[in-house]
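Working notes, structure below.
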Amino acid sequence: MSGTSLDACDFVLCNYNFKNNSIQRFSVLDQAQVRFPKELLGRLTGAVSGKAMTAAQWSLLNFDLGQFYAQSLLKIKNKRGWSIHLIGLHGQTVFHSAGRATWQMGSPTFLAAQLGVPVVYDFRSLDVSMGYHGAPLAPLFHAGVLAGGVKQKKISIHNLGGVSNLTYIDNQKIKYAFDTGPANLLLDQIIQNYTNKEHLFDPKGSWARKGNIHMALAKKALSHNFFKKQAPKSCGRDEFGLQWIASWLTDINVYDALATATYVVTQSIVDSYKNLKSPLPGAIYFCGGGAKNLFLLESIQKQMPQVLVTTTQAIGDSGFDPQSIEGAAFGYLAALRYHQVKINLKNITGNNDNLFVGQIYQK
């Protein structure tokens with residue numbers, strides 16, 4: 001899994017049993033993270049930013065990324081002794097337009113050829129082709145695995161990746177699941193632009209904590225039409241890229257810029273919960289890289305004092321590392337597809353058909 005923020009690629013080793021047409025005893029055994037080589041990262045950044053590219057450049061990037069995934073996994077496998085029987089490949093989203101088109105780049109052929117096992121990929125296209133959002137998909141894992149490890153009936157599993165998305169679960173069933181807006185995508189772009197990429201992210205939100213919120217700028221940012229839309233909904237760089245940031249962020253210091261942006265993320269999340277036609281969840285378990293942003297979690301907690309704000313590390317006996325959740329989710333989806341389990345996405349993307357999520361590639 002490599003997310004919208006383009007910080008690195010996550011490799012997560014999972015184990016599961018399949019019985020009675022369902023996945024049982026799903027666990028995370030190990031995980032690793034590999035940063036993109038500088039040259040490949042530059043090309044990917046250009047691709048997701050809408051840089052004009054020739055057909056040859058697109059094709060080469062697609063295959064080079066696939067080769068990177070395979071080579072990285074082979075190194076991890078050999079170094080750590082991983083035993084691999086099935087691979088779920090999300091790939092890198094370079095374009096996403098709900099109900100119209102989506103592309104998760106990175107050819108699966110190298111993984112299939114070099115690892116010699118089936119590869120499940122292209123998880124979103126069928127749903128999008130049927131006129132729906134194709135995102136978010138991790139809620140299936142949130143409800144199918146994580147919700148069973150908590151005592152509360154009404155909870156939310158909330159991913160803070162490049163994009164923020166919530167999964168409201170009632171009695172282990174998904175009631176709502178949708179993107180709430182930008183998260184790390186916004187914060188990372190700001191600190192990278194201010195520091196000429198000397199700093200890639202704000203560790204624990206420490207820079208934002210030093211700044212002051214410019215409410216007029218925050219309100220302008222929150223006037224984006226996406227925040228007014230009703231679920232189901234999904235978003236990405238096309239809505240919340242550099243052009244959008246430039247439309248509201250003026251020349252203020254980096255600390256104030258990050259404080260203001262953190263307020264925007266906080267408010268978009270809090271408003272999403274308060275606008276649900278259901279009671280607030282008893283607890284919100286955050287995951288993704290943004291779960292390490294202590295200042296952001298504190299900001300959310302202050303606005304929803306009646307809700308327990310914590311991370312997925314608090315789930316079950318041993319917890320789930322927040323950084324492993326997205327990768328594990330696509331391992332879970334790969335297993336469902338491999339065992340030919342059809343999925344209904346009505347409460348996630350709006351699609352009420354039962355369909356296979358993902359395609360299988362093997363030599």
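We did not get these values from a lab; they are worked out from the coordinates using the rules stated. Remember, predicted model here, so these are calculated numbers, not experimental data. Methodologically, a virtual Cβ is constructed for each residue, glycine included, from the backbone with ideal geometry; neighbour enumeration extends over all protein chains shown.
Rounded to 0.05, the FRET efficiency of the PHE18 and SER49 pair, given R0 = 56 Å and the Cβ-Cβ distance, is 0.85. The stretch between ASN171 and LYS302 holds 44.5 nm of extra length on full extension. This uses 0.36 nm per residue minus the Cα-Cα distance. The packing ranking of peptides 323-330, 263-270, 184-191, 35-42, highest mean first, is 323-330, 184-191, 263-270, 35-42, where packing means the average number of other beta carbon atoms within 10 angstrom of each residue. Each part reduced to its alpha carbon centroid, the stretch 296-363 and the stretch 69-103 end up 16 Å apart. Annotation: the residues HIS96, HIS133, sorted from fewest to most other C-beta atoms within 10 Å of their own C-beta, follow the order HIS96, HIS133. Two decimals is fine: what is log10 I(q)/I(0) at q = 0.12, 0.14, 0.15 Å⁻¹ for the stretch 151-314, from a Debye sum with one equal scatterer on every Cα and no solvent? For the stretch 151-314 at q = 0.12, 0.14, 0.15 Å⁻¹, log10 I(q)/I(0) is -0.49, -0.66, -0.76.
Count Lys and Arg as plus one, Asp and Glu as minus one, and take only other residues whose Cβ is under 12 Å from that of MET1; the net charge is then -3. Rounded, prolate or oblate, given the Cα gyration tensor of the stretch 1-119, with a/c below 1.5 counting as rounded? Prolate shape, in that a/c is at least 1.5 and a/b is the bigger ratio. Sequence-distant contacts, meaning Cα pairs under 8 Å at least 6 residues apart, place the relative contact order of the chain at 21 percent. Under 17 Å of direct C-alpha separation, and excluding same-chain neighbours fewer than eight residues apart, LYS342 reaches these lysines: LYS19, LYS173.
Other residues within the sphere of radius under 12 Å centred on the Cβ of TYR132, judged by their own Cβ, net out at +2 (K and R +1, D and E -1). Rounded if a/c is under 1.5, else prolate if a/b is larger than b/c, else oblate: which is the stretch 33-84, with a ≥ b ≥ c the root eigenvalues of its Cα gyration tensor? Taking the square roots of the gyration eigenvalues as a ≥ b ≥ c, the stretch 33-84 is prolate. Taking label points 7 Å from Cα along the Cα-to-Cβ direction, GLN114 and ASN352 give a separation of 4.6 nm.
For GLY42, what is the net charge nearby, where nearby means another residue's Cβ is under 15 Å from its Cβ and Lys, Arg count +1, Asp, Glu -1? Residues close to GLY42 contribute a combined charge of +2.
Applied to the stretch 300-315, the Karplus parametrisation 6.51 cos²θ - 1.76 cosθ + 1.60 on θ = phi - 60° returns per-residue 3J(HN,Hα) values of 5, 4, 4, 7, 9, x, 7, 10, 6, 9, 8, 10, 5, 5, 8, 8 Hz, with x for Gly and Pro.
Temperature 20 °C, viscosity 1.002 mPa s: under these conditions the Stokes-Einstein estimate for the chain, based on its Kirkwood radius over C-alpha pairs, is 103 µm² per second.
Using R0 = 41 Å, the C-beta based FRET efficiency linking LEU294 and LYS77 works out to 0.75.
Straight Cα distances below 18 angstrom link LYS219 to the lysines LYS228, LYS229, LYS274, with same-chain residues fewer than 8 positions distant left out. Within the listed set ALA231, ALA55, ALA257, the Gaussian network model of the chain (springs between alpha-carbon atoms below 10 Å) gives the highest mean-square fluctuation for ALA55. The aspartates and glutamates whose alpha-carbon is closer than 13 Å to the alpha-carbon of LYS153, local same-chain residues fewer than 8 away aside, are ASP170. Checking the cross-link pairs LYS79/LYS346; LYS220/LYS302; LYS75/LYS292 against a 30 Å limit on the alpha carbon distance flags LYS79/LYS346 as lying beyond it. To check you understand DSSP bridge types, tell me what percent of the beta bridges within the stretch 151-314 (both residues inside) are antiparallel, rounded to 5. Counting DSSP beta bridges with both partners in the stretch 151-314, the antiparallel share is about 60 percent. With R₀ fixed at 30 Å, the C-beta to C-beta distance from ILE252 to SER278 puts the FRET efficiency at about 0.20. Mean-square fluctuation check for the chain, GNM, Cα pairs under 10 Å: which of LYS175, LYS302, LYS277 is largest? The residue that fluctuates most here is LYS277. Using the Karplus relation 6.51 cos²θ - 1.76 cosθ + 1.60 with θ = phi - 60°, the per-residue 3J(HN,Hα) values for the stretch 76-91 come to 5, 4, 6, 6, 9, x, 5, 9, 10, 10, 7, 10, x, 10, 6, x Hz, with x marking Gly and Pro.
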